[in-house]
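Working notes, structure below.
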Amino acid sequence: MTSLNGVRVLLAAAWLAAAFGLNGCVGAAVGAGATVGVAAMEERGLEQAARDLRIATEIRESWFRKNHAMVVDLGVEVHEARVLLTGVTPKAEIQADAVDMAWKVEGVKEVFNEIVLAPETGIVDTANDSWISAQLQSKLTFDKKILSINYEMETVAGTIYLIGVAQNQEELDRVLGHARNIKYVKRVVNYVRLKGAK
């Protein structure tokens, strides 16, 4: 039977292979082309989207070098150099290391620490969280009054964390309304910036 640590190593290795080892692959080329096309339509623009991707990648790389489990247990979303850290860890030192390493990446403007100190949530919570995120993504995508491309989200233990740029308060209210009305959602934490606000 594979140990939990063994599973984490395999997952972390798979993530790194996907993130860094696909150069020259046709699937990666198609995916990269689609990513560039999507990024060009975002409010933050292609250059900022590329900078955000670099920041997120460097954070994950530093986590992996420090402790491979960090890449599996923690999440990072970056929007306009604003970094949202999520996930669950039982160790305060891992939380502190994750935040410290995020701040050390060049170009980071803000770090929002939403890493929860608690025992691991288990597969049932993870499944619920994935379902919640999928439901919200679907609702935002099919709402014609929302530019869903400008939003990123993470769900941890029933809490939805949002980051991105809203066109106006009405759009943001719609996004928050969708999030709050999804089954199993306990809380919504909002780091979305209004367009034009600093």
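Each value in this text was obtained by applying a stated rule to the coordinates, not by laboratory testing. Fair warning: this is a prediction, and the values are worked out from it, not measured in the lab. Methodologically, a virtual Cβ is constructed for each residue, glycine included, from the backbone with ideal geometry; neighbour enumeration extends over all protein chains shown.
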Apply the Karplus curve 6.51 cos²θ - 1.76 cosθ + 1.60, θ = phi - 60°, to the phi angles in region 114-119 and return the couplings in whole Hz, x for Gly and Pro. 10, 6, 8, 8, 5, x
Residues in region 86-113 near a label at residue 186, defined as backbone nitrogen under 16 Å from the 7 Å Cα→Cβ point? 86-90
For labels at residue 134 and residue 169 in the simple 7 Å Cα→Cβ model, what's the distance in nm? 3.6
Once you have a ≥ b ≥ c as the square roots of the Cα gyration tensor eigenvalues for region 123-194, tell me rounded if a/c is under 1.5, and otherwise prolate or oblate according to whether a/b is larger than b/c. prolate
Run the numbers for residue 96 and residue 48: contour at 0.36 nm per residue of separation, minus the present Cα-Cα distance, in nm. 14.6 nm
Where a ≥ b ≥ c are the square roots of the eigenvalues of the C-alpha gyration tensor, would you call region 73-198 rounded, which needs a/c under 1.5, or, failing that, prolate if a/b is larger than b/c, or oblate? oblate
Among 91/186; 145/183; 104/145; 66/109, which pairs are too far apart, with a Cα-Cα distance over 30 Å? 104/145
Under 5 Å between amide H atoms, partner at least 5 residues away or on a different chain: which partners does residue 112 have, H built in plane at 1.01 Å? 83, 84, 85
